[in-house]
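The values are calculated or read from the model by the stated rules, or taken from the named source; none is laboratory data. All of these numbers come straight from a predicted model, not from anything done at the bench. Glycine also receives a Cβ, built like all others from the backbone with ideal geometry; neighbour counts cover every protein chain displayed. Side chains included, ligands, DNA and RNA excluded: accessible areas come from the protein's heavy atoms. Shrake-Rupley method; radii C 1.70, N 1.55, O 1.52, S 1.80 Å.
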Amino acid sequence: MLLRNARLGDRAVDIRIEGGRTAEIGRRDDDRLIGDRSNEDTADLELDLDGRPVIPGLWDEHVHFSQWAMSLRRVDVQHADSPEAAAAIVADAVAANPPAPGSVVVGTGFRPGLWSRQPTFAVLDAIVGVVAANVPVVLISGDVHSVWLNSAALSVHGFAGHPTGVLVEDDCWAVLKALDDVPADVLDAWLTDAASAAAARGIVGITDLEFSLNLDHWQRRMAAGFDTLRVDAGFYTEHLDEVIGRGLKSGQRLNDLLTVGPYKIISDGSLNTRTAFCVDPYPGLTEHPHGMLNVRSDELRQLMSRATDAGLRMAVHAIGDEANRLALDAFEAIGCGGRIEHAQLLRAEDLARFAALGVEASVQPEHAMDDRDVADHYWAGRTDRAFVLRSLIDAGARVRLGSDAPVAPLDPWVSIAAAVGRTRDGREPWHAEQAITVDQAIEASVRSAVAVGEVADLVVLDADPHTVSATQLRTMPVAATVLAGRFTFNTL
């Protein structure tokens, strides 16, 4: 492939790709090509980019890909501002599309952190029950750390008699796993569609942190022809024995596109569910006022030590400032690098520890836009150290950007826009001092470079990200996506 008249930074160049790698960069018309020119006449495809910018292929570093694909086919209740409003959305959806006998109605995206009334099974029973009596209903929170069930669903999932119908953390995930019963061929088709949509936004790879042992599923999909994305497939504690027993190690390539990803431990909860583990208590909370630890500190260190000895890389979910401190303490005690997923609230004294310990901050900038009001309420007086980006980079930390889809859309330009502009929906930027530059945001979203000898994972843009507004970055037009020298999306 020969891409003529590309813009690389401030240079007009031609890019020749061979064998899935960038073989040559320069200008073919003035003898200033860079690289190996021994096969310069073998391009099978030649395209004129007409000055379009080219950047490295983009990664989403934190995705629950099956959950994302399924969420696109579930009832969307993210805009509900009360339990009754959420239930009414579900009732309307059920009336329009009556569920098949024996099926479960699933909705997603409710965010009750600032609701004046908290959700209960009685609300779902009363409102949804009018159009679908005795049909199980499960609503998944926007942060995927709680689920809201009606009476029928509570009975189906073994929680009959629960006082509210809202299950958090481990109980929540037990319900989510039970919902993952989509036939493999159906789910694979949904994932193929989701991958094509991701490629259309410039994505060449994902870190998939789905709750199942997804390595086997991805091997099956790729053997059947899936070739749209690179996948680093992570796993959880329930799979640790099997992964170690099979001799798998993080970074091990299982085929051209599939790599063994990190071992993820969810150490605390989330902000919206008020289970993120914090130094200071949540106002108005009497039960677990500081949030919840899902894994004790001593157990965290034991698990990390065992995994590190087996050649596995750590990804520790930590959102509250105390959970982040404990996670960094564990990294320091074990002497291993890895990642902290989310790192939403940090003590000032912990910022420099990321770089010093070789721990990356895997963050999701759009979460700050979703949660700014909730943070202002529950983390009042501390939001100057919430969802920080500039402070982490200034402290020398390696920052990686992702979406945490389905919590936020699987679109790297949404993440980049939130990181650069710290705003959405026309509101004033929230803690604009934590904004980073376009170049920094792109660097945190890629794993390769447009350079001779590098893998040819490229994105061709229809606009310059440096000259558009932060709002326009959200809808950055992508002209083409190239994965290992072949198009996965192309409008050229």
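Worth a mention:
- Residue-wise HN-Hα couplings along region 156-168, as the Karplus relation 6.51 cos²θ - 1.76 cosθ + 1.60 with θ = phi - 60° gives them from phi, are 4, 9, x, 10, 4, x, 4, x, 10, x, 9, 10, 10 Hz; Gly and Pro carry x.
- Cα pair distances exceeding 14 angstrom across region 42-121, given as percent: 75
- Helix-only mean residue ellipticity at 222 nm for the chain, each DSSP H run of n ≥ 4 adding -39500 (n - 2.57), per residue, nearest 500: -9000 deg cm²/dmol
- Percent carbon-and-sulfur accessible area, the chain, ignoring ligands, DNA and RNA, probe 1.4 Å: 50
- Translational diffusion coefficient (Stokes-Einstein; Kirkwood radius from C-alpha pairs) of the chain at 25 °C, 0.890 mPa s, in µm²/s: 104
- Residue by residue, region 269-286 carries 3J(HN,Hα) couplings of x, 9, 5, 4, 7, 6, 10, 4, 7, 10, 5, 9, x, 7, x, x, 9, 9 Hz when phi is fed to the Karplus relation 6.51 cos²θ - 1.76 cosθ + 1.60 (θ = phi - 60°); x denotes Gly or Pro.
- Calculated diffusion of region 192-320, Stokes-Einstein form, Kirkwood radius summed over Cα pairs, 37 °C and 0.692 mPa s, µm²/s: 200
- Karplus 3J(HN,Hα) series, Hz, for region 389-395 with 6.51 cos²θ - 1.76 cosθ + 1.60 (x for Gly, Pro): 10, 4, 5, 5, 5, 4, 7
- Amide H contacts under 5 Å for THR488, placed H, 5+ residues apart: THR481, VAL482, LEU483
- 5 angstrom amide H check on ARG230, placed H, neighbours 5+ away: GLY205, ILE206
- Measuring nothing but alpha carbons in region 104-231 and taking Rh as the Kirkwood radius, the Rg to Rh ratio lands at 1.05.
- Fraction of C-alpha pairs exceeding 22 angstrom in region 78-168: 16 percent, rounded to a whole number.
- Over region 186-263: Rg over Rh, Cα atoms, Kirkwood Rh: 0.97
- The overall shape of region 123-163, judged from the alpha-carbon gyration tensor, is oblate: a/c is not under 1.5, and a/b is no greater than b/c.
- For region 342-492, the solvent-accessible area of protein heavy atoms averages 35 Å² per residue (probe radius 1.4 Å; ligands and nucleic acids excluded).
- The Kirkwood radius of region 389-456, taken over pairs of alpha-carbon atoms, gives through the Stokes-Einstein law at 10 °C and 1.306 mPa s a diffusion coefficient of 121 µm² s⁻¹.
- Taking the chain and dividing mean pair separation by its residue count, relative contact order in percent (alpha carbons under 8 Å, at least six apart): 17
- Full-stretch length increase - ALA133, VAL182 - with 0.36 nm per residue and alpha-carbon distance subtracted: 15.3 nm
- Peptides 205-217, 362-374, 325-337, ordered by how many other C-beta atoms sit within 10 Å of their residues on average, highest first, read 362-374, 205-217, 325-337.
- Per residue, region 78-214 exposes 39 Å² of solvent-accessible protein surface, assessed with a 1.4 angstrom probe and all protein chains in place.
- Percent of alpha-carbon pairs separated by more than 26 Å within region 301-458: 28
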